[in-house]
Amino acid sequence: MKLSVWVQYSWDLTRLPAEAPRIDPRYTVEAATADDRALLQAAISRSVSMEPAWSDDMNARIKLAEEIIENAFPAGEVAFVAIKHGARIIAASAIREAADKPSNLPLGVCVLNEYRSRGLGTFLLYESLRRLRDRGLDIARVVTKKGLTADRFLYPKFGGTRLVLDAVPA
């Protein structure tokens with residue numbers, strides 16, 4: 001099994017642009033609720049399973065998503081932002097306000113494969129960062145696997161700075 005290399009991106013939320021990227025008006029953005037658990041799990045699991053760079057860590061990542069989704073709503077420590085096309089969740093992110101955690105986006109930004117390259121990931125990243133800023137955070141972070149599409153193309157946006165980690169932070 002290949003050893004995974006992990007990276008952490010940080011954003012200075014005080015420098016987040018005032019204007020959000022635009023998405024097609026047929027998509028809606030909303031806070032996911034406990035009623036959306038199954039849809040969230042399906043969207044996040046499919047997004048992870050279609051990303052080749054997750055292959056070695058896919059089962060662990062899907063299990064982490066299940067745990068976060070199961071515990072998020074009763075505990076209130078994590079909120080979810082979802083982009084929907086009709087009733088279907090096509091992109092989602094989990095946001096955690098805790099400034100002392102290594103990742104404020106514990107599942108990263110997840111977009112279904114068939115909806116990629118439409119600006120949804122960029123929009124969802126911006127919206128997640130904006131919500132964290134509006135809740136009082138000055139710095140936001142995400143930990144991800146080196147080589148993912150998000151590592152190469154998404155997380156550098158909005159001034160994201162990259163740090164290669166020696167180990168995955170708990």
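Taken together, the values in this text are just the output of simple stated rules run on the coordinates, not laboratory data. On a predicted model such as this, the values are computed, not experimentally measured, just so you know. In this analysis, Cβ positions are derived from the backbone assuming ideal geometry, glycine residues included, and neighbour counts consider all displayed protein chains.
Tally the DSSP beta bridges in region 23-164 and give the antiparallel ones as a percent, rounded to 5.
Of all bridge pairs located within region 23-164, approximately 100 percent are antiparallel.
Relative to the Cα centre, what is the charge dipole magnitude of the chain, using +1 at the beta carbon of each Lys and Arg, -1 at the beta carbon of each Asp and Glu, and rounding to the nearest 20 debye?
In total the dipole reaches around 480 debye.
Given the options Ser4, Ala65, Leu39, identify the residue whose Cα lies farthest towards the positive end of the charge dipole of the chain (+1 on Cβ of Lys, Arg; -1 on Cβ of Asp, Glu).
In the chain, that residue is Ser4.
Would you work out which of Tyr155, Gly86, Gly108 lies farthest towards the positive end of the dipole of the chain, given +1 charges on the beta-carbon of Lys and Arg and -1 on that of Asp and Glu, about the Cα centre?
Tyr155
Based solely on its DSSP helices, what 222 nm [θ] is calculated for the chain when runs of n ≥ 4 H residues each add -39,500 (n - 2.57) and the sum is averaged over all residues, nearest 500 deg cm²/dmol?
Value at 222 nm, helices only, nearest 500: -9000 deg cm²/dmol.
For Glu19 and Arg37, calculate 0.36 nm times their separation in residues minus their Cα-Cα distance, and state this gained length in nm to one decimal.
3.5 nm
In what sequence do Ser55, Ser10, Ser128 fall when counting other Cβ within 10 Å, fewest first?
Fewest to most other Cβ atoms nearby, the residues stand as Ser55, Ser10, Ser128.
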